[in-house]
Amino acid sequence: MAFHESFRSLLLVALIFFPICNSIDTITPNQSLRDGETLISAGEKFVLGFFSPGKSSTNRYVGIWYNKIPDQSIVWTANRENPVKNSSGVLIIKGGNLVLFDGGHSNNSNTLWSTNVSTTATYSSAILTDSGNLELTDDHQRVLWESFDYPTNTWLPQMKLGLDRRTGLNRILTSWKSVDDPAPGEFSLGLDPVGVPQYSIRKGSLQIWRAGPWNGLRLSGAPQMNEILLKDIHVSYVANDDEIYLTYYVDNTSITTRSVLDDSGVFQRLIWSDDNQRWILIAVGSKDRCDQYAICGAYGRCDPNRVVECECLKGFEPKAPSEWNLRDWSGGCVRLRSLDCDGKGDGFLRLANAKLPDTSRSRVEPGLNLDACKEECLKNCNCTAYASADISEGGRGCLMWHGDLVDLRVYSVGGQDIYTRVAASELDGSAIEYSRGLQGKEELLVTLLTIIVGLLLFVSCGYCWWRKAKGREMNGRHDTVLSDNDIEENGKGSELLLFNVSVIAAATNNFSESNLLGKGGFGPVYKGTEASGNWAGLSWVQPSSSCLRNIDSKPISSGKKSKVSNPVHEADQVMNESLSLMTQEPLEPLPLLSCLLCPHPPSSQKNLPSQEDGHQDNNVTVAMRIGLPNCPNEPTKSNELKEDQMLTY
């Protein structure tokens with residue numbers, strides 16, 4: 001009996017001085033947590049205890065980590081700025097608050113950390129939940145304080161990331177200084193409530209990455225947000241009079257995931273792999289150079305698919321071209337033409353697949369659609385762009401920018417439409433837009449091909465028109481007489497000289513008998529009067545005449561009287577110095593078709609002197625051929641010839 005009483009007393013003393021903390025999830029005023037002891041959540045998911053970060057640090061911190069994951073992944077730290085230098089730390093409930101002392105109960109004057117809430121509760125306790133949240137509650141189970149309101153570098157499921165408007169508390173993530181030091185680093189991620197709320201990463205006070213505002217489906221700067229999340233993970237955005245926050249939920253309890261802002265300022269989403277026994281990286285916030293905040297400056301857009309990522313929006317030009325050429329785009333762009341500002345002379349250009357610009361100088365009109373949004377924007381000269389505030393369910397609400405458009409980029413897929421304001425002179429059509437990605441590139445290629453083909457057709461038509469006009473000019477220069485220019489210009493670059501029938505008919509007095517000089521093997525020869533008053537002999541090629549199948553052209557030397565060995569040799573021919581002569585040998589008669597298609601004589605020509613007897617009238621024998629359906633035996637009167645029929649001179 002005495003033995004049982006002694007054993008019972010010994011067990012009671014052991015429970016008092018050596019509590020079995022591994023089996024509890026709560027700290028009470030009567031039960032503390034010392035270094036070496038832990039709290040485990042009811043579902044054994046998370047652990048609260050003391051730890052030393054990294055491999056070289058000996059400092060001790062109170063933190064929370066996963067219970068069943070071998071890698072001690074810390075998700076929250078209490079005393080990150082005031083470590084315990086040894087293993088004497090103790091966490092207790094005092095004055096309704098959770099307090100960390102250095103030195104235990106014997107020396108509790110050195111307070112390293114506290115929840116520091118004002119409360120009149122007579123009893124309070126701290127419990128670790130299966131969500132990883134450490135909650136301080138009063139005797140009515142009202143939450144006085146919770147670790148989820150004071151995150152460190154990790155965003156867990158069910159944790160709110162955003163602003164409590166009632167208390168002014170803004171829940172943000174702050175990086176560690178290093179892997180060995182959980183003290184607050186220089187990087188932070190949180191909600192910027194100015195203007196239209198948006199999420200961003202800052203290095204100190206400098207904004208370096210912006211996730212953008214919520215657009216009804218996802219953050220504007222995270223177009224693949226929904227795609228990278230598993231089907232059992234759901235993101236929720238809440239914005240009301242009390243709170244603005246972003247959170248996410250995991251329906252499948254077998255999935256373990258977290259988001260971390262590491263000590264280099266990179267925001268990562270990780271998921272635990274039981275098969276590989278390691279964390280798998282599934283997404284990062286900043287993926288390319290275009291994610292750098294405002295890299296292209298005001299009114300510049302960034303496209304990672306371009307060799308030179310930055311370019312000005314349409315209707316704008318670089319503010320500092322010399323710096324722009326050196327790829328320093330921070331100066332941004334300025335307007336080519338000022339806005340009209342009366343609401344009538346301005347328009348909008350659509351930029352597709354865009355990350356919406358910085359919304360710190362924007363506002364939302366939830367009751368307006370896009371058409372009404374456009375009209376509202378035109379009423380205010382400071383309104384520079386507009387977009388749909390919520391792209392879910394076909395789009396609703398109006399988001400308008402007042403001021404410079406900063407941190408604008410485009411994606412190959414994802415993003416949304418934004419309409420930028422420009423002067424009316426910059427509007428070049430009804431379907432004005434910038435398209436990115438494969439579809440945009442295809443449209444651009446089609447547009448370029450269309451322009452090129454159109455230009456080729458225009459040039460071709462212009463050339464044809466010029467040739468036709470040139471022919472009309474040459475053939476219609478003189479309706480009554482032949483001029484030297486007719487002969488000279490029509491001979492340039494051509495082996496046959498072409499004249500309109502009306503010109504030839506006028507020069508021969510409508511093939512008058514009085515102009516008939518004689519007849520030869522090629523047919524009758526007529527006298528044709530030139531503009532200068534000189535005259536030339538014109539020979540009509542009849543169908544019975546020999547066609548020119550082979551021509552031996554022999555230039556006639558200058559300064560000597562020459563003879564022409566051709567069938568019209570009967571007529572005296574005095575050569576004008578400005579005219580030329582080709583010797584032609586007669587050939588055997590050919591069928592009519594061959595006659596019409598016989599080759600042109602070559603243009604071996606030289607100026608010929610006038611006759612030695614001083615005769616000033618010049619008689620030149622020239623072969624003419626008309627494109628008639630059959631060769632007439634006698635010259636056809638000019639009024640019977642069609643306007644499009646030409647004679648070969």
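The values are calculated or read from the model by the stated rules, or taken from the named source; none is laboratory data. Just so you know, these numbers come straight off a predicted model, no measurement behind them. Every residue, glycine among them, receives a Cβ derived from its backbone with ideal geometry; neighbour counts consider all protein chains shown. Note: areas computed on protein heavy atoms with side chains; ligands, DNA, RNA excluded. Shrake-Rupley method; radii C 1.70, N 1.55, O 1.52, S 1.80 Å.
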Taking r as the C-beta separation of Asn382 and Asp149 and R0 as 30 Å, the FRET efficiency to the nearest 0.05 is 0.20
To the nearest Å², the heavy-atom accessible area per residue of region 235-348 with 1.4 Å probe amounts to 50 Å²
Sorted list, accessible surface of protein heavy atoms, 1.4 Å probe, largest first, for Ile208, Ile64, Ile451 is Ile451, Ile208, Ile64
Rounded to the nearest 10 Å², the 1.4 Å probe accessible area of Tyr411 is 20 Å²
accessible surface per residue for region 79-184, probe 1.4 Å, DNA/RNA/ligands not counted, whole Å² -> 46 Å²
A 1.4 Å probe over the protein heavy atoms gives region 234-315 a carbon and sulfur accessible-area percentage of 43 percent
Placing each pseudo-label 7 Å from Cα in the direction of the beta carbon, Trp465 and Ser330 end up separated by a distance in nanometres of 5.3 nm
FRET efficiency for Glu375 and His402 from the Cβ-Cβ distance with R0 = 22 Å, rounded to 0.05, comes out at 0.90
Subtracting the Cα-Cα distance of Asp139 and Ser114 from 0.36 nm times their residue separation yields 7.1 nm
For Thr26 and Lys94, extending 7 Å from Cα along the Cα-Cβ vector and measuring point to point gives, in nm, a value of 2.3 nm
For Ser118, Ser264, the accessible-area ranking with a 1.4 Å probe, largest leading, is Ser118, Ser264
Using a 1.4 Å probe on heavy atoms of the protein chains only, the accessible area for Thr256 in Å², nearest 10, reads 40 Å²
With every protein chain kept in place and a 1.4 Å probe, the residues Arg60, Arg165 fall, from largest accessible area down, as Arg165, Arg60
Heavy-atom accessible area of region 160-229 with neighbours in place, 1.4 angstrom probe: carbon+sulfur share in percent works out to 54 percent
Heavy-atom accessible area of Tyr199, protein chains in place, probe 1.4 angstrom, given in Å² to nearest 10, is 10 Å²
Residue separation between Glu323 and His234 times 0.36 nm, minus their alpha-carbon distance, gives in nm 27.6 nm
Violations at 31 Å Cα threshold for listed pairs Lys85/Lys287; Lys45/Lys355; Lys45/Lys177; Lys45/Lys203 -> Lys85/Lys287; Lys45/Lys355; Lys45/Lys203
If R0 = 30 Å, then Thr58 and Gln277, at their Cβ-Cβ distance, give a FRET efficiency to the nearest 0.05 of 0.65
